[in-house]
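I have placed the structure first, in the form of structure tokens, so that the comments after it can refer back to it.
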Amino acid sequence: MTTVPIEATPVDRERSSITWGGFSLAFWLPVTWMVTLLFTVALADILPIREPTESDFTALKARPGLEFWLGTDVLGRDIFARIIHGARISLTVGFFAPVFGMIIGLIFGMMAGYYRGKLESIIVGVIDIILAFPNIVLAMCILFFAGATMVNLIIVLSVTSIPANTRIARASTLVFAGREFVMAARAQGASDLRILWHEILPNIVLPQLAYILSFMSIVIMIEGSLAFLGVGIPPPTPTLGGMIAQGFPDINTDPHITFMPALILFLTVLSLNLIGDQLRHKFTIRESAL
């Protein structure tokens, strides 16, 4: 197996000397937020918080306070508890859908970039067809007929993430398919499968993984948008988008019902994008290394 090291430029070496672990504060702050959120979501069932579907009709639309940290919604349900359980759904969908899309996109992209010709034309044509449909509209149509379940939501959003992953994998494969170590492996009689698996994949997987966090943020936004539009996972299961939609009619009088889940959604998406930007800067193939 041959891998191509990515050398740091003088600017990168200077930056790494004034940051921790080669990453700036713009990386570690969102990492801290994501670790805290993941830890809270993972332990939601054992943490001393209220049930997300439990109503307190004596505290309808209560403002944030000591009893209800983030207030209550129109049915008297604790917003903090519902955000934690709603974030679990968003993060679950936001993880599995991009991962499945990345795996399928890697396979199609590597095949298109390595074999070229008619196979490349077919794969690119299919990708263009998928891209012709807006992601949210395509997801709404499929979920309307198939039903809004967690599994269906992951499958639908996996399909929407395949085109971008395929294009990135194809572009990276085109870069390495003509490199000396690939031609040397071919001259030694290595099969196409061995070349793809042992020579090309190790060199393109890190740039691909660097983009997956951005795909996760996009998927989380789409999932929230679907829930806001009423085609996400149905009540009483809490979702961040559903909570935003539920409190939207009272946004003038009780803005905390909409603002709190919207803030968590915003911070999560922003954190994933910031982390992804830092990782892409570190691992993306550079011209000087070609």
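Computed from the coordinates by the stated procedures, all read-outs in this text should not be read as laboratory data. Given the structure is predicted, the values throughout are model-derived calculations rather than measurements. Glycine gets a Cβ as well: all are built from the backbone with ideal geometry, and neighbour counts include every protein chain shown.
Are there any helices (runs of 4 or more DSSP H) wholly within segment 25-141 with 2 or more residues that are within 25 Å of I264 (Cβ to Cβ), and if so which?
Per the criteria, 25-42, 79-115.
Within segment 69-91, does at least one residue satisfy the condition of being of a type in the set (D, E) and either loosely packed, with under 15 Cβ neighbours inside 10 Å or closer than 23 Å to A210 by Cβ (or both)?
no
Restricting the first residue to segment 22-50 and requiring it to be free of Cβ contacts under 8 Å to residues at least 40 places away in the same chain, which pairs with a second residue that is part of a helix (DSSP H, G or I) meet a Cβ separation below 6 Å and a spacing of at least six or different chains?
If the second residue must be part of a helix (DSSP H, G or I), the pairs left are I49/A81; R50/A81.
List the number of the failed condition for G276; all other conditions in (1) in a helix (DSSP H, G or I); (2) closer than 25 Å to M140 by Cα; (3) of a type outside the set (A, V, I, L, M, F, W, C); (4) touching a residue at least 40 places away in the same chain (Cβ under 8 Å) hold.
So the condition that G276 fails would be (2).
Checking the structure you have, find out if any residue of segment 211-218 is surrounded by fewer than 21 Cβ atoms within 10 Å (Cβ to Cβ), in a loop (DSSP other than H, G, I, E, B) and not charged (D, E, K, R).
no
How many residues are free of Cβ contacts under 8 Å to residues at least 12 places away in the same chain and either within 24 Å of I155 (Cα to Cα) or loosely packed, with under 15 Cβ neighbours inside 10 Å (or both) when one looks only at segment 187-210?
7
Could you tell me whether I154 is assigned to a helix (DSSP H, G or I), within 30 Å of A62 (Cβ to Cβ) and under 24 Å from the mean Cα position of the chain (by Cα)?
no
Here is a yes/no grid of residues against (1) surrounded by 13 or more Cβ atoms within 10 Å (Cβ to Cβ); (2) of a type in the set (A, V, I, L, M, F, W, C):
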| site | (1), (2) |
| --- | --- |
| G117 | no, no |
| E120 | yes, no |
| V124 | yes, yes |
| I129 | no, yes |
| A132 | no, yes |
| N135 | yes, no |
| A148 | yes, yes |
| L153 | yes, yes |
